[in-house]
Amino acid sequence: MQTKKKYQVKDKVPKLMSTYRNFPMVPRVVFGNGCFSQLGEILLPKRRHSDAPFIYLIDDVFEGKELTERVPLIFNDKIIFISAQEEPKTQQVDALVSKIKSDFQELPSGIVGIGGGTVLDLAKAVSILLTNEGSSDTYQGWDLVNKASVYHVGIPTISGTGAEVSRTAVLLGPDKKLGINSDYTTFDQVMLDPELTQGVALDQWFYTGMDCFIHCIESLNGTYLNAFSQSYGEKALELCKEVYLGQLSECESREKLMMASWHGGMSIAYSQVGVAHALSYGLSYLLGVKHGIGNCLVFQHLEEFYPEGVELFNKMKAAHNIELPHGICKNLSDSDFDAMITVALSLEPLWENAVGKEWKKTITSEKLKNIYKKI
Ligand code: NAD
Ligand code: ZN
């Protein structure tokens with residue numbers, strides 16, 4: 001009897017399909033002041049059994065604070081406090097994963113990240129590495145994750161990065177700063193409770209909020225722009241202007257910035273960031289400068305690329321009396337500049353989005369060095 005040839009599913013998938021990215025969105029989101037109180041009820045159906053705990057990664061700024069007392073701990077659930085003084089690292093993810101694996105015989109029912117972009121990215125990465133073998137640096141890149149992650153929940157306590165909605169977990173690795181970009185990175189559940197952002201200091205509120213503003217400017221002025229990204233980017237930009245230049249009540253301002261962050265993240269999901277992010281990654285890699293302030297330090301010098309954006313940025317900065325530090329790159333050596341420039345130039349999609357396919361003709365090492373020297 002003749003055996004019928006078996007086809008692999010991938011043989012049947014038309015090549016054209018890969019032209020447009022089919023990216024995941026957060027499937028469940030709850031929004032509203034005080035909604036954090038619903039966390040226990042939301043997690044309950046996700047508990048596999050009493051020996052499969054929920055692990056809460058919480059920004060240590062909340063240690064001993066009321067928020068921590070409200071965490072709905074039951075059975076052997078555990079809280080791990082995380083310092084957000086430095087950006088998340090691959091070794092930190094690996095250490096957390098081995099600790100969770102050695103402390104519990106069962107895989108957790110879920111990971112809950114409560115904090116800013118730092119803690120949210122750690123929570124995403126830990127949930128991936130609990131089910132995927134090896135060290136986290138091997139997954140930095142695009143679509144390198146093979147197995148579904150553990151159920152994970154993101155609860156932002158500061159607004160701007162869009163980490164709550166994105167499909168990436170940005171990590172500093174041994175030789176690069178790069179995200180784990182995958183369909184398994186995106187949170188399964190997000191809780192947007194604007195009240196949780198109440199304690200953020202003014203300068204941090206500005207830096208992280210400006211991350212969102214810069215996402216909008218880079219997306220809306222990029223060559224990758226399309227109607228999908230534009231619709232989210234324009235809304236986020238409008239909200240940023242209301243928050244930083246309008247006359248809102250504190251409550252309205254918190255709510256609107258939280259939604260700006262979400263829309264800004266959605267905008268870049270289907271386009272890309274640009275010049276400020278490329279240069280800021282270099283600063284962060286060499287000097288450990290954090291993302292929000294790093295973006296601001298670079299963006300103020302980008303009139304050539306984003307003239308209207310820089311003008312607006314300066315207005316917002318003045319409106320809130322924000323003084324950015326000076327002389328960050330003053331004492332750097334030529335090899336330090338080269339290291340930052342190498343990181344910045346390696347982010348090719350960001351340059352292609354910002355300047356176009358021919359970007360290599362105008363974006364030279366010398367040009368980037370001149371910008372870094374101003375910082
Ligand atoms: P963060 O998480 O680093 O926190 C900044 C500071 O604010 C910390 O000191 C923290 O303790 C404090 N803080 C947070 N919430 C607070 C609150 N309610 N009250 C008082 N203090 C509070 O800041 P961020 O700007 O949100 O995150 C930066 C990180 O996000 C970087 O590591 C960056 O790489 C990452 N990022 C990720 C994405 C993504 O899509 N995954 C996008 C942009 C940035
Ligand atoms: Zn950013």
Could you please tell me which pairs satisfy a Cβ distance under 8 Å, a separation of 6+ or placement on different chains, a first residue in segment 303-321 that is touching a residue at least 12 places away in the same chain (Cβ under 8 Å), and a second residue that is open to solvent by 70 Å² or more (accessible area, probe 1.4 Å) and part of a loop (DSSP other than H, G, I, E, B)?
Phe305/Asn221; Tyr306/Asn221; Gly309/Asn221
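Results for (1) more than 20 Å from Lys46 (Cβ to Cβ); (2) more than 16 Å from the chain's Cα centre (by Cα), shown as yes or no for each residue.
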{"site": "Ile111", "(1), (2)": "no, yes"}
{"site": "Leu130", "(1), (2)": "no, yes"}
{"site": "Leu144", "(1), (2)": "yes, yes"}
{"site": "His152", "(1), (2)": "no, no"}
{"site": "Ile158", "(1), (2)": "yes, no"}
{"site": "Gly162", "(1), (2)": "yes, no"}
{"site": "Leu178", "(1), (2)": "yes, no"}
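Rundown of residues vs (1) within 14 Å of ligand 1 (Cβ to nearest atom); (2) not acidic (Asp, Glu), yes/no style:
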position: Pro72; (1), (2): no, yes
position: Glu86; (1), (2): yes, no
position: Val93; (1), (2): yes, yes
position: Lys99; (1), (2): no, yes
position: Asp103; (1), (2): no, no
position: Leu122; (1), (2): yes, yes
position: Gln140; (1), (2): yes, yes
position: His152; (1), (2): yes, yes
Could you list, in sequence order, all residues of segment 254-302 that are of a type in the set (Phe, Trp, Tyr), over 13 Å from the mean Cα position of the chain (by Cα) and within 15 Å of ligand 2 (Cβ to nearest atom)?
Tyr285, Phe299
Number of the exception - Ser333 against (1) surrounded by 16 or more Cβ atoms within 10 Å (Cβ to Cβ); (2) more than 25 Å from Gly154 (Cβ to Cβ):
(1)
May I ask you to list the residues in segment 227-253 that are over 20 Å from Glu195 (Cβ atoms), over 21 Å from the mean Cα position of the chain (by Cα) and of a type in the set (A, V, I, L, M, F, W, C)?
Ala227, Leu245
Odd one out for Asn353 among (1) of a type outside the set (Lys, Arg); (2) more than 16 Å from ligand 2 (Cβ to nearest atom); (3) in contact with a helix residue (DSSP H, G or I) (Cβ under 9 Å, 6 or more places away or on another chain)
(2)
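Of the residues that sit in segment 61-118 and are part of a helix (DSSP H, G or I) and among the aliphatic types (A, V, I, L, M), which one is farthest from ligand 2 (Cβ to nearest atom)?
Applying the filter and picking the extreme gives Ile100.
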Filter segment 167-179 down to the residues that are closer than 24 Å to Met340 by Cβ and either within 9 Å of ligand 1 (Cβ to nearest atom) or among the acidic types (Asp, Glu) (or both), then identify the one that is modelled with the lowest pLDDT.
Asp175
Qualifying strands (runs of 3 or more DSSP E) (wholly inside segment 128-219; at least 1 residues being more than 16 Å from ligand 2 (Cβ to nearest atom), closer than 23 Å to Ala236 by Cα and open to solvent by less than 30 Å² (accessible area, probe 1.4 Å)):
152-156, 189-192
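The values are calculated or read from the model by the stated rules, or taken from the named source; none is laboratory data. From a predicted model like this one, the values you see are computed outputs, not experimental measurements. Heads up, the Cβs are rebuilt from the backbone with ideal geometry, glycines too, and the neighbour counts pull from every protein chain shown. Each accessible area value is taken on the protein alone, full model and side chains, heavy atoms only, with ligands, DNA and RNA left out. Shrake-Rupley method; radii C 1.70, N 1.55, O 1.52, S 1.80 Å.
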